[in-house]
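Worksheet: one structure, shown below.
Quick note: the coordinates plus some simple rules give every number you see, no bench work behind them. Everything numeric in this text was worked out from a predicted model, so none of it was measured. Cβ: placed from backbone, ideal geometry, glycine included. Neighbour counts: every protein chain shown.
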Amino acid sequence: MRDYAKEVLEGSPRAAARLISWLEDEDPRALEHMERLYPHTGRAYVVGITGSPGAGKSTLTDKLTFALRKKNLSVGIVAVDPSSPFTGGAVLGDRVRMSRLSTDPGVFIRSMATRGFLGGLAKATGDVVKVLDAFGKDVIIIETVGVGQDEVDIIRLADTTCLVLVPGLGDTIQSMKAGVMEIADIFVINKADRPGTDQLYVEVTSRVEQDAHIRQRAWTPPVLKTVAVEDEGVSALVEAVWAHRRFLEESGALDEKRRQRAREETLQMIHAELFRRLREQLTANGRLDALVKAIVEKRESPYRATQDVLARWLKG
């Protein structure tokens, strides 16, 4: 068997791509390699780009990557797309829109399908970030799928989260009320050459100031204007990301963020493995079908059945 972990650490993009495919397919062959890669993770800085559909996230990611490459930083891009209802694959194909970057050996781009996983990310996104981290990328950019108010999972993976807004979409106030605004470390008003930009800027700035006063946050998110297609405001965005990174490192918040991330990831992995083993046992001898039959016929309640199954399993 090929030593994909060793090849990833040596900088092989083919090995990284193969391992990522295994992670997406939940192939058990990935586990051994991930165990060996894990000690080599934690160096990359992770930036999340999230926002509503049509906000220009892909263009902004493209321009941000170019700006980082000018600083001689290697970049990994994880572009999460909606799943195709027919194949389960990514349908938007962000790599097409980032074709100029695809020939840069310092950039690794991977489009991932959500495959029905909610929250704006794919199930394997966290592990893919670890692969790119071990692969040696200095900065990893996660561009979430454009699902609007559900895109809160990004805060669990990103060190800095950028929320992209656009004037004239009509969902600004709704987004503010829904709580999406609370996940942002940096607000980016993209397509700032459109009418309504100044009004949106005032609304967002006012909301940020109110939030800072009420919650007494140590970091006040800046509100930036960009026109990504014209490369306007991108350098200011890079500086804002770096300023937030300095704040996190100097305050100790970065270590705390990553400690909390490790805790949640561990609990999620334990949950997934326990569920897999329990389901395997229940389906192996027909117990699950019998249990479902009893529940449908009202001879058993799902509440009592759940407690009985867990009690027997834990006792065993």
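Using a 10 Å cut-off around each Cβ, can you sort Tyr4, Tyr201, Tyr38 from fewest to most neighbouring Cβ atoms?
So the ranking, lowest neighbour count to highest, is Tyr38, Tyr201, Tyr4.
Provide Ile295, Ile77 in ascending order of the number of other Cβ atoms located within 10 Å of each residue's Cβ, fewest first.
Ile295, Ile77
Which entries in Lys6/Lys70; Lys63/Lys130; Lys191/Lys257 show an alpha-carbon gap greater than 25 Å?
Too far apart for the 25 Å limit: Lys6/Lys70; Lys191/Lys257.
Just to be sure I understand the model, the point goes 7 Å from the Cα along the line to the Cβ. What's the resulting Gln268 to Ser21 distance in nm?
Rounded to a tenth, the inter-label distance reads 2.4 nm.
Tell me, what ³J(HN,Hα) does each residue in the stretch 187-204 have, in order and in whole Hz, if you take phi through Karplus 6.51 cos²θ - 1.76 cosθ + 1.60 with θ = phi - 60° and put x for Gly and Pro?
Computed from phi, the couplings for the stretch 187-204 are 9, 10, 8, 8, 6, 6, 8, 7, x, x, 4, 4, 5, 5, 4, 5, 5, 5 Hz.
Starting at the first residue of the stretch 33-38, write each ³J(HN,Hα) from the Karplus equation 6.51 cos²θ - 1.76 cosθ + 1.60 with θ = phi - 60°, in whole Hz, x for Gly and Pro.
For the stretch 33-38, the Karplus curve yields 5, 5, 4, 7, 7, 3 Hz.
Within a 10 angstrom radius of the beta carbon, how do Lys293, Lys57 rank from fewest other beta carbons to most?
Ranking Lys293, Lys57 by Cβ neighbours within 10 Å, fewest first, gives Lys293, Lys57.
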